[in-house]
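Colleague: Have a look at this one.
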Amino acid sequence: MTLIEACGPDRPFSQEGLRPFLRTRYIGRGSVEFHDRIDSTNARIRALGLDGSAEGALVAADLQTAGRGRHGRNWHSPPGVNLYFSVLLRPNLPLAQMSLLTLAAGVGAARAVDRATGCRTGIKWPNDLEIGGRKVAGLLTELELRNGAPQFAVLGVGLNVNLAAADLPRDLTDRAGSLLTATGRRWDRMELLGAMLEELEDQYEDLRGGRADLVLARHRRASVTLGAVVRVTLADGIFEGDAEAVDEDGALTIRRRSDGRTIRVSAGEVSLVRPTGTRPD
Ligand code: BTN
């Protein structure tokens, strides 16, 4: 018997399959769609948001044909092995606090993976999930604005679950992984999705309840960026520095190596040049 057989097959990828693991109050309780195939779950949730769907709407897909990543990249979304889902949120937070939503989502997703698998997941600012130095999940938060005011937010999560190392795209083999490659066993996608929705809702509730301090403290504890030497790619150039802090608005402050100046980064691409080796605690 192979290890895969010993761990049993995935539960059905459907609302029915999710039901035993759904412990939320509103995320995944109203409008719920499971697709065999879709272009992008984020695009579908945006359409539902524009149509007036209520907060908590959930769209999950087994396969995405045009999965969207951060910085305009594509998100590798093969069928049968991973989780791709998006949630509609109507946070009613000032625009300045919207980046905290991104951090809160990362904290929730990391806690869900840790709880379901016993792994110790690190967060690379702002919200990539890493295990053993490999990215296993990415989150894309997209904000819908009208006249400069936030209307709703789309929170999309891609988690590599049972993707084998051999099936990673060639350009990602040395940077990406999955829960399978990290732990050597397969995991139930529906159980993970249930844990994700519950932990995301908890972090979101803390944020809305004025407890951003709790979310930030959890982010900092799980951070693999703080204390590391990082390379930052901004629209107007690249620099390297020491990642020193995540401030109360969720921005990363970095001491630039070339001149010692402190630079505050609230959007941009940050990669680790020299990791800390340990997660701060
Ligand atoms: C990243 O680049 O790290 C973010 C990746 C986010 C991918 C997820 S998969 C589900 C949702 N739908 C999308 O089109 N993108 C997000």
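Colleague: With a sphere of radius 13 Å drawn around the Cβ of R264, what net charge do the other residues whose Cβ falls strictly inside it have (Lys, Arg +1; Asp, Glu -1)?
Modeller: -1
Colleague: Taking R0 as 30 Å, what FRET efficiency do you get between E269 and R185 from their Cβ-Cβ distance, rounded to the nearest 0.05?
Modeller: Approximately 0.40, to the nearest 0.05.
Colleague: Right, here's the next one. Hey, rough spin-label estimate for L214 and R231, points 7 angstrom out along Cα→Cβ, what's it come to in nanometres?
Modeller: A separation of 3.9 nm, rounded to one decimal place.
Colleague: For the range 27-98, just run the numbers: alpha carbon Rg, then divide by 2.2 N^0.38 Å, N being how many residues it has.
Modeller: Dividing the Cα radius of gyration by 2.2 N^0.38 Å gives 1.15.
Colleague: Right, here's the next one. Between the range 37-73 and the range 165-242, what is the separation of their alpha carbon centroids in Å?
Modeller: That distance is 19 Å.
Colleague: Provide the descending list of Cα extents for the range 72-223 along its principal axes, expressed in whole angstroms.
Modeller: 46, 29, 25
Colleague: Excluding A47 itself, calculate the net charge of residues whose Cβ lies under 13 Å from the Cβ of A47, where each Lys or Arg counts +1 and each Asp or Glu counts -1.
Modeller: -3
Colleague: Continuing with this model, one more query. State the three equivalent ellipsoid semi-axes of the range 224-281, derived from the C-alpha gyration tensor as the square roots of 5 times its eigenvalues, in descending order and whole Å.
Modeller: Equivalent-ellipsoid dimensions as semi-axes: 17, 13, 11 Å.
Colleague: Most mobile of P169, P91, P79 per a Gaussian network model of the chain (Cα springs, under 10 Å)?
Modeller: In the Gaussian network model the winner is P169.
Colleague: Hey, another quick one. Over the Cα atoms, compute the radius of gyration (one decimal) and Dmax (the largest Cα-Cα distance, rounded to a whole number) for the range 167-224, in Å.
Modeller: Here Rg and the maximum Cα pair distance are 15.6, 43 Å.
Colleague: If you take every residue apart from D174 with its C-beta less than 12 Å away from the C-beta of D174, what net charge results, scoring Lys and Arg +1 and Asp and Glu -1?
Modeller: +3
Colleague: In whole angstrom, and with the biggest value first, how far do the Cα coordinates of the range 174-277 range along each principal axis?
Modeller: 49, 39, 26
Colleague: Scan around H35 for amide H atoms under 5 Å from its own, H built in the peptide plane at 1.01 Å from N, and keep only partners 5 or more places away or cross-chain.
Modeller: Those qualifying (amide H under 5 Å, at least 5 residues apart or on another chain) are A60, A61, D62.
Colleague: Another question, then. Anything in the chain that counts as a DSSP H helix reaching 18 Å or more along its axis (C-alpha) with Kyte-Doolittle mean of at least 1.0? List them, would you?
Modeller: TM-like helix candidates: nothing returned.
Colleague: Quick one: grab the alpha carbon gyration tensor of the chain, order the square roots of its eigenvalues as a ≥ b ≥ c, and give me rounded if a/c is under 1.5, else prolate or oblate depending on whether a/b is larger than b/c.
Modeller: oblate
Colleague: Something else about it: Could you pull out every residue, at least 5 positions away or on a different chain, whose amide H is within less than 5 Å of the one on W125? Hs are placed 1.01 Å off N in the peptide plane, and Pro or chain starts have none.
Modeller: Excluding prolines and chain starts, which carry no amide H, the hits are V224, T225.
Colleague: What's the magnitude of the charge dipole for the chain around its Cα centre, counting Lys and Arg as +1 and Asp and Glu as -1 at the beta-carbon? Answer in Debye, nearest 20.
Modeller: The calculated dipole for the chain is roughly 400 debye.
Colleague: Sticking with this one: Would you kindly calculate the mean projected area, averaged across all directions, of the convex hull enclosing the Cα atoms of the range 1-129, in square nanometres?
Modeller: 9.5 nm²
Colleague: Another question, then. Using helices alone, what [θ] at 222 nm do you get for the chain, with -39,500 (n - 2.57) per DSSP H run of 4 or more residues, divided over all residues and rounded to the nearest 500?
Modeller: -8000 deg cm²/dmol
Colleague: Neighbouring Cβ atoms within 10 Å as the yardstick, rank D236, D213, D202 fewest first.
Modeller: Least to most surrounded, the residues fall as D236, D213, D202.
Colleague: Cut-off 10 angstrom, C-alpha nodes, Gaussian network model of the chain. Which of G52, G241, G17 fluctuates the most?
Modeller: Its mean-square fluctuation being the largest, the pick is G52.
Colleague: Residues with amide H under 5 Å of R11's amide H, sequence separation 5 or more or different chain, H placed in the peptide plane at 1.01 Å from N; which?
Modeller: Amide H to amide H, under 5 Å and 5 or more residues apart or across chains, R11 pairs with R189, M190.
Colleague: In what order do R170, R115 fall by count of nearby beta-carbon atoms within 10 Å, going from fewest to most?
Modeller: Arranged by neighbour count, lowest to highest, R170, R115 become R170, R115.
Colleague: Now, a different point. Could you rank the peptides 29-40, 55-66 by their average count of other C-beta atoms within 10 Å per residue, with the highest value first?
Modeller: 55-66, 29-40
Colleague: Right, another one. Using Cα springs under 10 Å in a Gaussian network model of the chain, which residue among A153, A235, A212 shows the largest mean-square fluctuation?
Modeller: Greatest mean-square fluctuation among the candidates belongs to A235.
Colleague: Related question: Just rank L234, L200, L252, fewest to most, by other beta-carbon atoms within 10 angstrom.
Modeller: Final ranking by Cβ density, sparse to dense: L234, L252, L200.
No lab work stands behind these numbers, since they all come straight from the coordinates. These numbers come from a predicted model, not from an experiment. Every residue, glycine as well, gets a Cβ built from its backbone with ideal geometry; the counts of neighbours run over all protein chains shown.
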